[in-house]
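Notes to accompany the following structure.
What follows draws every value from the coordinates through simple rules; no lab data is involved. Note that the structure is a prediction, hence the values are computed from the model and not measured. For neighbour counting, all protein chains shown are included, and Cβ atoms are generated from backbone atoms with ideal geometry for every residue, glycine included.
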Amino acid sequence: MNHWTLAESPSAEKLTPYDLRCEHLATPSGIGVPVPRLSWRLASDRRGDAPTGHRVKVHNGDVLAWDSGWIDGQDVSVDYGGAPLTSFTRYTWQVEVRDGESAQSWFDTGVLHPDEWAAAWIAHDPETEPPFEPPKDDREPRTIRTSSLPAPRYFRRIVDLRPATAVRIACTARGLYELRVNGHRVGDGELTPGWTDYRQRVPYQVYDVTDLVGDGPLCVGAVLADGWWSGSLGWDGRQQAQRYGKTPQLLLQLVAEHADGSRTVIGTDGRWRETTGPLRYADLLMGESYDARLEHDGWDLPGFDDSTWAPARVADTDHSVLVPSVAEPVRVTQDLMPVETIARDGRTIVDLGQNIAGRIRLTLRGAEPGARVTLRHGEMLTADGDLYTENLRSAEATDHYVAAGLPEETFEPRFTVHGFRYVEVSGHADFDVVGRAMHSDTPVAGEFSSSDAMVNQLMSNIRWSQRDNFVSVPTDCPQRDERLGWTADAQVFLPTACYNADVAAFFTGWLADLRCAQDAVGGAVPDVVPHVMTERNGAPGWADAATVVPWHLYQVYGDERVLRDSLPSMRRWVDHVERHNPDLIWRNKVGSHYGDWLQAGVTTSREVMATAYFALSADLTAKAAQVLGDPSYERYAGLRTRIGEAFVREFVSSDGRITGDTQTAYLLALAHGLLPDDLVPAAVAHLVSDLERRGRRLTTGFAGVALLGPVLSAHGHADLAYALLHDDRYPSWGYSIKRGATTIWERWDGWTEESGFGPVAMNSFNHYTLGSVGAWLYGGVAGLGQEEGSVGYRRPLIRPLVGGMLRWASAAYETPLGRLASRWELDGGMLRLEVQIPPGAQATVHVPTTDPASVRESGTPVDQVCRVGSGSYSFTSAWG
Ligand code: RAM
């Protein structure tokens, strides 16, 4: 099973809508906004096809809720404009394209009016058990007493329902929940409800359970675990436990619709009963422990006797924090079979061949009752072939299973996630394992491949690190006791992420948390979102995610609402930096200033980096204000100009040298237009000579790495960019690949020939930030971009970079309009370039050639730079 691949481009004789979305989500349940945005993509094989109008109809059953009438224009989205939506209702919708086809989809509403909540937060009553005390001293990570972790709770209630035509359940937890109805698991989401800033926003999910409801009484059950709410969190592991609350809580509301149109509403309350069960503990970092001998057979079915269970305690009835879930849930998206099994002193180490975030499904045969099986997870093997776990720090990443003693039994943890390629199984020898990769199920949007195996492995590593780290929030790493939403990592990687997957909904949710966490008075933005390390905020390049993320999402998806929602936050952030740095050199209020984090062997001036980011944030804020017609545009545009002047005055000498003279310093200044035109060539020359002097080796860290490809190629040095891409000496991407990496390493020196493993204090083998080169593979090498000023790919720019050791490169990408693709191939002295432009787009194609007069499209001479409408085109040109 692997559903994380790009779907075939639909082929269509006339304009055909596909990929229908509501609020950027495919068939969402729980839409909570009164005016959802409906959108679609278009396909057509006819050249020059462009939509001229569309009509959307929305139905509630047979009742027409909205008919937009024919709307002229090329839009591929519309905001719902019909009768007010009703909560807990299925709306089907249809879009019809003028002179084209139509397509259908649906969305379900959640709770549209806060006063419709009729459920209480319920929890285990601590009176029935001694309170859980987290261990006080965690300085010695291996001494964590997982045995003292609290047991997850099982909740249930029997409901007598009148016959219903539809039954839905809105469910959430402070903690993690798994919902069960009449013996069945409900939904395919994992780690629900996901992680948000729980103090202000707890997302809920809505499920249609009509098919699970029979005639008799109904059993609704839920298992609750600590998760991010009350489990280990961040690098203090258990110290950070109970960050949000002491014990998990459940909130659930069932709404049944009857044939006469009436509704029955049942919410969690003190009538629910709860107890512990086979799940002895479950913790995101530590792992899970399950004793199958303690199974409550049939506990989620109506006939079960729960008289020994305790009544649940009503914790509170605060509905103000409840928000609809706005992003795709975490799901298991791929199963991986072992590629190798290594026996070691009674233990077995299984290699999945791929570093993933997820868990193992273990099937045991012939285990004795009470047999204890242990699963330990690691990303690497030691030199002598044992499991390497030092880099996990205090994250135990260990699951325990106590067998029931059945001929065959299966265990799969539910409330934990590990970052691993290897799993060590001990305690029973006759077993099978399957690796189950899980992550936020953002739809695949792009793919890239080339003639070079190492470059392809690099893209595979980038994609896997994205998958493994987009687990409800964009995290830095999936394995050690950290897994936090570091803001720089997210903003630096965002352009790459957008090519790989449709992350519009995913980042919309994260940005909401970023805004929640921003200092309401001062405007400082935290270094991690959700904001769990409250002492850390305002770091240059980290906190600037507040401007970079909304602006980039707007560029890619063309949805202005992200700017509308974010402009006040962008402004407050820039104002904060300016207030503390009136001379416009960002020296003060730099928080934990990480600089060009994990740079290789050099130190980029922190003030240079910070001030470049200050200029960028002011610039993006000005641009956002301009798009929205906000009068603050003038102020931020002026500020940006003045910061640029201050930058040059302070850091740039008359020969174009920038303080510190590092690659990242030049890259930042060139990428963000901080140099006067006459100094650009000199600055480029300094950058190039630094690279050449080092034998064409990079020194960049998090802040500079993404800029290497774009800046070098924009200034006529694609050869150098390619040299770095193909390099496999230290430090380079290829160095890790040569060592067998299947994900992007956190640091260039994660492992080196000289020293072996890098510093155990911080050495993840699955960190996407240095993989931010991915955007250049799509946008540079394959040439899929858009013109300056174009948003949502209305004006694509196809400008491939033929070079390096590549014979061909190919990329496809689902823009908001439809499929954009390019494939180039060298064939003797010829270059062939195939491109595909979505309907409604006006593209500019730069055909690479060494002889502009040789360029042909389907045999007809054309300009080397030509404008084309939608459709497929086949260019040839002379090369070499
Ligand atoms: C590390 C994180 C992250 C980085 C911060 C500064 O702990 O892994 O990648 O942004 O430090």
Give the distance, in whole Å, between the Cα centre of region 1-26 and the Cα centre of region 829-880. 26 Å
How much length, in nm to one decimal, is gained on full extension between Leu628 and Glu408, taken as 0.36 nm per residue of separation minus their Cα-Cα distance? 73.0 nm
With runs of 4+ DSSP H residues as the only contributors, calculate the mean residue ellipticity of the chain at 222 nm using -39,500 (n - 2.57) per run, divided by the residue total and rounded to the nearest 500. -6000 deg cm²/dmol
Students often forget the sequence filter, so: which lysines lie under 26 Å Cα-Cα from Lys14 once same-chain residues fewer than 8 apart are removed? Lys57
Can you tell me, using C-alpha contacts under 8 Å and at least 6 residues apart, the relative contact order of region 16-108 as a whole percent? 35 percent
Note, ³J(HN,Hα) from phi for region 79-92, Karplus 6.51, -1.76, 1.60, rounded to Hz, x at Gly and Pro: 8, 3, x, x, 4, x, 6, 9, 5, 6, 9, 8, 10, 9
Net charge, Gly750 excluded, C-beta distance under 11 Å - Lys, Arg +1, Asp, Glu -1: -1
Quick one: net charge around Leu598, please, counting Lys, Arg +1 and Asp, Glu -1 for every other residue with C-beta under 10 Å from its C-beta. -2
Compute log10 of I(q)/I(0) for region 241-379 with the Debye formula, placing one identical point scatterer on every Cα and leaving out solvent, at q = 0.12 Å⁻¹, to two decimals. -0.85
Long-range amide H contacts for Leu112: which residues qualify at under 5 Å (H placed 1.01 Å from N, peptide plane, sequence gap of 5 or more or a different chain)? Ser87, Phe88
Take the Cβ-Cβ distance between Arg807 and Ser874 as r, set R0 to 22 Å, and report the resulting FRET efficiency rounded to the nearest 0.05. 0.80
Taking a spot 7 Å from the Cα of Ser11 along the direction of its beta carbon, which residues of region 819-840 have an amide N less than 18 Å from it? 819-823, 834-839
If you take every DSSP beta bridge fully contained in the chain, what fraction is antiparallel? Give it as a percent rounded to 5. 95 percent
Most exposed first by the Cβ proxy, i.e. fewest other Cβ within 10 Å, how do Leu42, Leu218, Leu375 rank? Leu218, Leu375, Leu42
Taking the Cα centre of each part, how many Å lie between region 151-179 and region 748-807? 44 Å
Return the long-range amide H neighbours of Leu25 (sequence gap of 5 or more, or a different chain), with a cut-off of under 5 Å between placed amide H atoms. none
Which whole-Hz couplings ³J(HN,Hα) result when phi for each residue of region 803-811 is put into the Karplus expression 6.51 cos²θ - 1.76 cosθ + 1.60, θ = phi - 60°, listed in order with x for Gly and Pro? x, x, 9, 7, 9, 7, 8, 8, 8
Charge dipole of the chain about the Cα centre (unit charges at C-beta), most positive-ward option of Gly771, Leu375, Gly187: Gly771
For region 710-760, what log10 I(q)/I(0) values come out of the Debye formula at q = 0.17, 0.21 1/Å, with one point per alpha carbon and no solvent? -0.57, -0.74
List Lys14, Lys589 from most exposed to least, where exposure is judged by having the fewest other Cβ atoms within 10 Å. Lys14, Lys589
Using Cα-Cα distances under 8 Å and only pairs 6 or more residues apart, what relative contact order does region 117-327 have, in percent? 33 percent
Over the chain, what relative contact order in percent results from Cα pairs under 8 Å that are six or more residues apart? 10 percent
Please report Arg587, Arg157 as a ranked list, fewest other C-beta atoms within 10 angstrom at the top and most at the bottom. Arg587, Arg157
Lysines within cross-link reach of Lys246: Cα-Cα under 23 Å, excluding same-chain residues under 8 positions apart? Lys136
Can you compute the FRET efficiency between Asp384 and Asp719 using 1/(1 + (r/R0)^6), with r the Cβ-Cβ distance and R0 = 45 Å? Round to the nearest 0.05. 0.60
Over all viewing directions the Cα convex hull of region 771-849 casts an average projected area in nm² of 5.4 nm²
Ser870 long-range amide H proximity, modeled H, under 5 Å: Gly48, Asp49, Gly840, Ala841
In whole Å, what three semi-axes, largest first, describe the equivalent ellipsoid of region 117-327 built from its Cα gyration tensor (square root of 5 times each eigenvalue)? 31, 19, 14
Determine, at each q value in 0.14, 0.25 (inverse angstroms), the log₁₀ of I(q)/I(0) that the Debye formula gives when each Cα of region 16-108 is one equal point scatterer. -0.46, -1.36
May I ask you to compute the full-extension gain from Asp316 to Asn2, defined as 0.36 nm times their residue separation minus their alpha-carbon distance, rounded to one decimal in nm? 108.9 nm
Computed on Cα atoms, Rg of region 446-781 relative to 2.2 N^0.38 Å comes out at 0.94
So the FRET efficiency between Arg587 and Glu753, C-beta based with R0 = 30 Å and rounded to 0.05, is 0.15
Give me the net charge for the shell around Arg185: Cβ to Cβ below 10 angstrom, other residues only, Lys and Arg +1, Asp and Glu -1. -1
How are the Cα pair distances of the chain distributed, in percent, across 10 Å bins from 0? 2, 12, 21, 25, 21, 13, 5, 1, 0
Spelling out what I want: for every residue of region 658-667, take phi, set θ = phi - 60°, compute 6.51 cos²θ - 1.76 cosθ + 1.60 (Karplus), and round to whole Hz; glycine and proline get x. 10, 2, x, 6, 9, 4, 4, 4, 5, 4
